[in-house]
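Asker: Dropping a structure here in structure tokens format, bear with me for questions.
The values are calculated or read from the model by the stated rules, or taken from the named source; none is laboratory data. Since we're looking at a predicted model, the values are computed, not measured. Every residue, glycine as well, gets a Cβ built from its backbone with ideal geometry; the counts of neighbours run over all protein chains shown. Accessible surface is based on the protein model in full, side chains and every heavy atom, while ligands, DNA and RNA are left aside. Shrake-Rupley method; radii C 1.70, N 1.55, O 1.52, S 1.80 Å.
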Amino acid sequence: MFIFRLTGFLSLLGLVGYLFLGPKVPKTLTAELERSNEEYKSLRVQLESDKNESESELSVVFRSRVDFRNKEEEAIGKIQDLKSEINGLAPKLDEFEGEIKTKSDELEKLTEEFSESRKPIDTIVQQKKPLEEKLKIIEEEKSQLVKELAEVKQETKNVETDYNLLVQKRNQIRESFEEDKIRLMDGIKKPFHLYYSDIRDVEVANRAPSGKGIFINQGYQDGFREGMEFITKNPNAVSKLSFRLVANLVQKNFSYLEFLNEAQVKDSSFAQQGDNLQLIRSGNSLLPENTDQNNSLKN
């Protein structure tokens, strides 16, 4: 910009010199010359302004260059220091590289050893898979069994509740029976109606669910009393041997007779519902085992 304006200024000076030193010109040229002088003055003012501005900018550039040189020298100093540190670290770097190589070799060796030691583990893992599947099946079966056990426990609890209710009912019936027994025993006439060797033909009304005895529709009115023992024979039984019965419960027209031998308990052919039996009153059994069995049946 400065050079451009300087060139224009010199061109203007040449034009003015030509006008003054050359041949005389008309008035129009004089007016043009005056206008050119005004432009010249304006250009000089602009030139001075541009010059001052340029000098100011150059001053800023010079100052910036000084600051840049200072920063450059500071950076060069730091670079030198870093180079010195790098040169000092070079031996350690070589040492570290050597250690890294050593560790790399050790790592490679350990990797190979690990791969070799891994082979038995892989074999065990393969052998473990069917065991895990079997374990899963067993756990599922166990869960099912636990569920069934809970159901059985609940059923057992329900049965136990029913049993307790039945026990209470039985105790109530037993208490009522004992009261009736005491009342009825007071009216019994002695001696007993059935004497030893007396014979009674009876029909089995029913067999006890436990199989331990039979029920007949004869009682006090027919001469039966509690504790009486009978020798009995059933011609329809598989075994032709006679067997013994004891009266454990006697009411007015009803009696319960229990077997004194386990053979009759296990074999239902000795006495079934509808069978006709012949009872012969006998003395009490003298065998200790039969007496113990009789007592256990009464309990």
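Asker: Going by the structure shown, is Ser143 under 24 Å from Phe270 (Cβ atoms) and loosely packed, with under 15 Cβ neighbours inside 10 Å?
Answerer: Details: under 24 Å from Phe270 (Cβ atoms): no; loosely packed, with under 15 Cβ neighbours inside 10 Å: yes.
In short, no.
Asker: Could you tell me which residue of the range 181-236 is modelled with the lowest pLDDT, considering only residues that are farther than 22 Å from Ser269 by Cα and among the acidic types (Asp, Glu)?
Answerer: Initially, the range 181-236 is screened for residues farther than 22 Å from Ser269 by Cα, giving 181-198, 219-228.
Going one step further and asking which of them are among the acidic types (Asp, Glu), we end up with 186, 198, 222, 226.
Working: Asp186: 64, Asp198: 88, Asp222: 88, Glu226: 91.
Residue satisfying both the conditions and the ranking: Asp186.
Asker: Also: Restricting attention to the range 235-257, does a residue exist that is of a type in the set (Gly, Ala, Ser), under 60 Å from the mean Cα position of the chain (by Cα) and farther than 16 Å from Asp201 by Cβ?
Answerer: No.
Asker: Related question: With respect to the numbered conditions (1) surrounded by 10 or more Cβ atoms within 10 Å (Cβ to Cβ); (2) under 44 Å from the mean Cα position of the chain (by Cα), which one is the sole condition not fulfilled by Glu97?
Answerer: Exception for Glu97: condition (2).
Asker: Within the range 230-248, which residues are in contact (Cβ under 8 Å) with a residue 40 or more places away in the chain and open to solvent by 10 Å² or more (accessible area, probe 1.4 Å)?
Answerer: First pass over the range 230-248, keeping only residues in contact (Cβ under 8 Å) with a residue 40 or more places away in the chain: 230-234, 244, 246, 248.
Within the range 230-248, Ile231, Lys233, Arg244, Asn248 meet the criteria.
Asker: Condition first: closer than 30 Å to Ile216 by Cα, in contact (Cβ under 8 Å) with a residue 40 or more places away in the chain and not hydrophobic (A, V, I, L, M, F, W, C). Can you find one or more residues in the range 186-196 that meet it? Break it down into steps so the answer makes sense when it comes.
Answerer: Our first condition is that a residue be closer than 30 Å to Ile216 by Cα; within the range 186-196, this holds for 186-196.
When the remaining residues are screened for being in contact (Cβ under 8 Å) with a residue 40 or more places away in the chain, the result is 194-196.
Still in the list and also not hydrophobic (A, V, I, L, M, F, W, C): 195-196.
Within the range 186-196, one or more residues are closer than 30 Å to Ile216 by Cα, in contact (Cβ under 8 Å) with a residue 40 or more places away in the chain and not hydrophobic (A, V, I, L, M, F, W, C).
Asker: Being closer than 19 Å to Gln272 by Cα, open to solvent by 40 Å² or more (accessible area, probe 1.4 Å) and not in a loop (DSSP other than H, G, I, E, B) is the filter here, so list the residues in the range 208-226 that pass it.
Answerer: Result: Phe215, single match.
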